[in-house]
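Structure first, then comments.
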Amino acid sequence: MTTLIIAVDGPTASGKGTIAKALAAHYGLPHLDTGLLYRAVGWQCHLNGGDPDDPAAALAAASFADTLLGDDRLRSEATGGLASRVSVHPAVRQTLFNRQRAFALQPGGAVLDGRDIGTVIAPEARPKLFVTASVEARALRRWKEMQSRGEDHTLATIEDDLRRRDERDRERAQAPLLPAADAVILDTSSLDRDAAISAAIALVEQAR
Ligand code: C5P
């Protein structure tokens with residue numbers, strides 16, 4: 001049997017994290033949420049008092065971010081925004097490249113989710129899923145998630161923030177958020193959690 005390296009890319013709140021975790025459990029593979037690495041760098045930069053738009057400050061944070069990986073604050077919207085700003089810098093991406101690549105190539109296979117797994121980190125991954133959903137569906141999911149955590153934000157603010165982040169992720173020069181040429185697109189706008197997971201497993205089965 002060939003080694004399964006599953007790439008799951010897509011925008012924020014598309015369901016890619018849930019799908020990647022479920023695929024890892026289903027196939028008994030290790031899973032890496034690469035967004036967490038960028039979130040840790042963004043949060044570390046903030047703790048350092050650095051400007052996330054400044055390449056030197058962001059790069060300095062990239063070397064020290066490891067200790068933060070278990071920190072709950074990485075999950076907040078504010079940290080997501082910081083992550084999206086530090087992740088624009090090529091030197092930050094380069095610093096995080098080797099560990100992601102090593103994770104992808106470990107014997108036995110792996111599941112990685114992010115923005116550039118199928119295009120940059122593991123172009124040999126197969127299958128490659130690009131999970132997407134309308135901005136309205138994603139904003140509503142994020143809003144419900146935040147309500148359940150007691151974070152109070154309006155739906156309109158969340159939607160604006162998602163649009164801004166999508167634009168930044170899509171338009172950056174290096175590793176923009178784009179499906180790989182050989183990716184299969186999974187639109188989860190009208191799927192609940194279980195339906196999205198079943199659809200993803202079906203796509204993996206077809207593609208492998
Ligand atoms: O997926 P998540 O929302 O946790 O990612 C936070 C931010 O990190 C994204 O908006 C994106 O800018 C950046 N990121 C990236 N490449 C990845 C994963 C995340 O640029 N592979």
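The values are calculated or read from the model by the stated rules, or taken from the named source; none is laboratory data. Everything quoted here is computed from the prediction, not taken from an experiment. A quick note on method: Cβ atoms are made from the backbone with ideal geometry, for glycine too, and the neighbour counts reach across all protein chains shown.
Summary table below
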{"quantity": "Single match in 74, 82, 32 (criterion: under 26 Å from residue 130 (Cβ atoms), in contact with a Phe, Trp or Tyr (Cβ under 7 Å, 6 or more places away or on another chain) and outside any helix (DSSP H, G or I))", "calculated": "32"}
{"quantity": "Residues (more than 9 Å from the ligand (Cβ to nearest atom) and in contact with a helix residue (DSSP H, G or I) (Cβ under 7 Å, 6 or more places away or on another chain)) located in the range 98-107", "calculated": "101, 104"}
{"quantity": "Which numbered condition residue 78 fails, given (1) in contact with a helix residue (DSSP H, G or I) (Cβ under 6 Å, 6 or more places away or on another chain); (2) over 26 Å from residue 205 (Cβ atoms)", "calculated": "(1)"}
{"quantity": "Among the candidates 40, 20, residue that is of a type in the set (Gly, Ala, Ser), in the same structural domain as residue 163 (by TED's automatic domain parsing) and at pLDDT 95 or above", "calculated": "20"}
{"quantity": "Matching residues, the range 107-145, being closer than 18 Å to residue 191 by Cβ, of a type outside the set (Val, Ile, Thr) and part of a strand (DSSP E or B)", "calculated": "113, 129, 130"}
{"quantity": "The range 2-18: number of residues that are away from the ligand (no atom under 11 Å from the Cβ) and assigned to a loop (DSSP other than H, G, I, E, B)", "calculated": "4"}
{"quantity": "Subset of the range 22-62 (residues that are in contact with a His (Cβ under 6 Å, 6 or more places away or on another chain) and either surrounded by fewer than 24 Cβ atoms within 10 Å (Cβ to Cβ) or among the acidic types (Asp, Glu) (or both))", "calculated": "24, 55"}
{"quantity": "Scope the range 160-207; condition within 20 Å of residue 120 (Cα to Cα), surrounded by fewer than 13 Cβ atoms within 10 Å (Cβ to Cβ), of a type outside the set (Gly, Ala, Ser) and at pLDDT below 95; matching residues", "calculated": "167, 170, 171"}
{"quantity": "Test: residue in the range 38-47 that is among the hydroxyl-bearing types (Ser, Thr, Tyr), within 12 Å of the ligand (Cβ to nearest atom) and part of a loop (DSSP other than H, G, I, E, B)", "calculated": "no"}
{"quantity": "Only one of 139, 207 that is of a type in the set (Gly, Ala, Ser) and within 14 Å of the ligand (Cβ to nearest atom)", "calculated": "139"}
